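Values in this text are rule-based calculations from the coordinates and carry no lab data. Source: prediction; values computed, not measured. Every residue, glycine as well, gets a Cβ built from its backbone with ideal geometry; the counts of neighbours run over all protein chains shown.
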Amino acid sequence: MTLLDGKKTAADIKAEIALEVSNLIEKGHKKPHLAAIIVGNDGASITYVNAKVKACERVGFESTLIRLPEETTEADLLNEIAILNIDKDIDGFIVQLPLPKHIDEQKILMAVDPDKDVDGFHPMNVGKMALNLPTFISATPFGILELLERYNVQTSGKHVVVLGRSHIVGSPMSILLSQKRKVGDATVTICHSRTKNLKEITLQADIIVAAIGIPEFLKADMIKENVTVIDVGITRLADSSKQNGFRLVGDVAFEEVSEKCDFITPVPGGVGPMTIAMLLKNTLLASKRRS
Ligand code: GUN
């Protein structure tokens with residue numbers, strides 16, 4: 001069994017980005033600049049956004065964090081987006097999800113200038129992704145493609161089973177892996193809460209991408225031998241023995257599943273760090289496109 005080490009791979013990618021940034025700056029290019037908007041006080045979201053901002057500093061980007069209170073109106077948030085859209089110094093920005101319930105997420109994502117949409121969530125960019133045209137590929141599926149590529153995991157002709165149909169992970173992942181591309185050409189089945197005989201399907205999988213948000217959902221009796229398992233889930237479970245009061249658990253029962261795997265991602269240290277590295281990659285791309 002080989003661990004797909006997202007932490008190490010993300011560090012490699014960040015080192016590559018840092019080198020490219022310093023070369024660009026030597027040639028007179030300005031520092032890439034990422035902005036992030038976060039609305040409200042969700043602990044996990046704040047942790048993720050802070051990690052994104054910190055990662056920017058480490059690779060030599062500028063970063064701007066805009067923290068807005070929970071009661072921010074949709075109109076106020078749209079106004080902040082309009083400001084970032086026209087700010088010539090900002091190369092790309094993200095609006096951290098989820099948003100408070102009184103804000104229409106789709107309306108917000110549509111307001112982001114597609115050329116600055118480094119999350120790849122604007123319908124225009126989702127459409128380009130679905131058509132296999134050059135665009136910003138969302139950080140999580142992009143990170144999974146990169147991890148599979150760097151570990152030489154073969155996808156062509158394989159049966160990939162994606163658990164979950166979210167707009168952020170399951171849906172784009174299933175589209176990308178079915179496409180004609182370097183990491184692609186797979187036969188993809190997408191499973192969700194209405195799927196019947198799920199275990200029959202997962203037992204046929206060569207590669208499983210678990211992105212349903214149910215802790216330790218995928219068990220050893222649901223998979224065959226020699227599979228590759230990508231665990232996108234990350235749930236904080238209360239654990240009084242831990243200093244911070246919780247432990248992080250994926251969608252995969254790691255101990256038992258890993259025994260049957262050729263390749264598997266750990267949680268934490270698998271997909272999570274890759275998403276940040278790919279967001280930086282998209283920001284660098286946005287910055288180069290604009291210069
Ligand atoms: N919430 C969970 N994942 C993401 C992501 O990739 N981008 C943003 N903006 N919010 C998220």
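Binning every alpha carbon pair distance of the stretch 77-124 at 10 Å from zero, what are the percents per bin?
27, 60, 12, 0
Quote the charge dipole size of the stretch 160-206 about the Cα centre in Debye, to the nearest 20; the model charges only the Cβ of Lys and Arg (+1) and of Asp and Glu (-1). Write down the numbers at each step before the final one.
Numbers: 7 positive and 3 negative charges, 29 e Å.
About 140 debye.
Using only alpha-carbon positions, what ratio does the radius of gyration of the chain give when scaled by 2.2 N^0.38 Å? Present the calculation step by step, with values, prior to reporting the outcome.
Details: Rg = 19.1 Å, N = 291, 2.2 N^0.38 = 19.0 Å.
So the chain has a normalised radius of gyration of 1.00.
So the label point goes 7 Å from the Cα of residue 107 along Cα→C-beta, right? Which residues of the stretch 64-80 then have their backbone N under 14 Å from it?
Only 72-80 pass the distance filter.
In Å, what Rg and Dmax follow from the Cα atoms of the stretch 28-113?
Computed over the Cα atoms of the stretch 28-113, radius of gyration and Dmax are 13.0, 44 Å.
Give the separation of the Cα centroids, the stretch 95-159 to the stretch 239-254, in Å.
Value for the Cα centre distance between the two parts: 28 Å.
Between residue 12 and residue 130, 0.36 nm times their residue separation minus their Cα-Cα distance comes to what? Mind showing how you got there, number by number?
Details: separation 118, 0.36 × 118 = 42.48 nm, distance 2.82 nm.
My answer for the length gained is 39.7 nm.
Helix-only mean residue ellipticity at 222 nm, the chain, DSSP H runs n ≥ 4 weighted -39,500 (n - 2.57), per residue, nearest 500. What is it? Write down the numbers at each step before the final one.
Numbers: 10 runs with 117 residues, N = 291.
The per-residue figure over the chain is -12500 deg cm²/dmol.
With 5 Å bins from zero, work out the P(r) of the stretch 139-272 over every alpha carbon pair and list the percent per bin.
Over the stretch 139-272, the share of Cα pairs per 5 Å bin runs 2, 11, 21, 25, 21, 11, 5, 2, 1, 0 percent.
Which of the GluC sites (Glu not before Pro) found in the stretch 199-291 are loop residues per DSSP with 16 or fewer other Cβ atoms within 10 Å of their Cβ?
Details: sites: 200, 216, 225, 255, 256, 259; in loops: 216, 225, 259.
The qualifying sites are 225, 259.
What FRET efficiency would be calculated for the residue pair residue 187, residue 255, taking the C-beta separation as r and a Förster radius of 22 Å, to the nearest 0.05? Numbers along the way, then the final one.
On the way: r = 29 Å, r/R0 = 1.32.
Working from the Cβ atoms, E equals 0.15.
As an exercise, identify the GluC sites (Glu not before Pro) in the stretch 31-85 lying in DSSP coil whose Cβ has no more than 15 other Cβ atoms within 10 Å.
Details: sites: 57, 62, 70, 71, 74, 80; in loops: 70, 71.
Loop-located and lightly packed - 70, 71.
If the label point is 7 Å along Cα→Cβ of residue 204, which residues in the stretch 133-169 have backbone nitrogen under 14 Å from it?
Backbone N within reach: 158-162.
Just in the stretch 97-177: which GluC sites (Glu not before Pro) are loop by DSSP and have at most 15 other Cβ atoms within 10 Å? Please list the in-between numbers first.
Working: sites: 105, 146, 149; in loops: none.
For GluC sites (Glu not before Pro) across the stretch 97-177 that sit outside H, G, I, E and B with at most 15 neighbouring Cβ atoms in 10 Å, the list is empty.
Give me P(r) over the stretch 115-166, computed from all C-alpha to C-alpha distances, binned every 10 Å, as integer percentages.
The distribution over the stretch 115-166 is 22, 46, 29, 3, given as percents.
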